[in-house]
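Student: Sharing a structure with you now.
Every read-out reported here was derived from the displayed coordinates using simple, explicitly stated rules and does not represent laboratory data. Please read all numbers here as calculations on a predicted model, not as lab measurements. Positions of Cβ are generated from backbone atoms using ideal geometry, with glycine treated the same way; all protein chains shown enter the neighbour counts.
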Amino acid sequence: MYRNTWFHGRESLRQLPPECVCDCSGSGNRDDDVSAWVDRLDFDGPAWLFREYLRGFDAWDARDLADHNENRKRVLWIWACNCAEEPGAYDYLYLE
């Protein structure tokens, strides 16, 4: 069940910890790290907003986006990568 601890509407209320950004970004497969951080942070948000946000990347089809747990991982991974690539620019996430 979604707990409103990460997002208020489209805006994040919290920042990703630097350790999370480091573990979940960079080259190579980060799936295990991302899964662990999603669980550790209890990272979640509105399912429909996550789907809408991820749809904008045109990387997943409707069937892929129906899995909210996977969407949680995708959003955290994208956010962590953005934070690593442009420090300070993505401290907070806006689900456009």
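Student: With point charges of +1 on the Cβ of Lys and Arg and -1 on the Cβ of Asp and Glu, referenced to the Cα centre of the chain, which listed residue (Leu13, Tyr92, Leu41) lies farthest in the positive direction of the dipole?
Tutor: So the residue we want is Leu13.
Student: Work out the length of the dipole vector of the range 7-85 about its Cα centre, built from +1 on the beta-carbon of each Lys and Arg and -1 on the beta-carbon of each Asp and Glu, and round it to the nearest 20 debye.
Tutor: 220
Student: Provide the packing ranking of 41-48, 87-94, i.e. peptides ordered by the mean count of other C-beta atoms within 10 Å per residue, highest first.
Tutor: Sorting 41-48, 87-94 by mean packing, highest first, produces 41-48, 87-94.
Student: At q = 0.13, 0.17, 0.20, 0.27 Å⁻¹, what log₁₀ I(q)/I(0) does the range 7-85 have when each alpha carbon counts as one equal point scatterer in the Debye sum?
Tutor: -0.36, -0.63, -0.89, -1.46
Student: Per DSSP H run of n ≥ 4, the term is -39500 (n - 2.57); total these for the chain, divide by its residue number, and report the mean residue ellipticity at 222 nm rounded to 500 deg cm²/dmol.
Tutor: -15000 deg cm²/dmol
Student: Just report the Cα centroid separation between the range 47-96 and the range 12-26, whole Å.
Tutor: 13
Student: Give me, ordered by chain and number, the residues 5 or more places off Phe7 or on other chains with an amide H under 5 Å from its own placed amide H.
Tutor: Amide H to amide H, under 5 Å and 5 or more residues apart or across chains, Phe7 pairs with Leu13.
Student: Taking the chain as a Gaussian network, Cα atoms linked when under 10 Å apart, which of Ala36, Ala84, Ala62 shows the biggest mean-square fluctuation?
Tutor: Highest fluctuation of the listed residues: Ala62.
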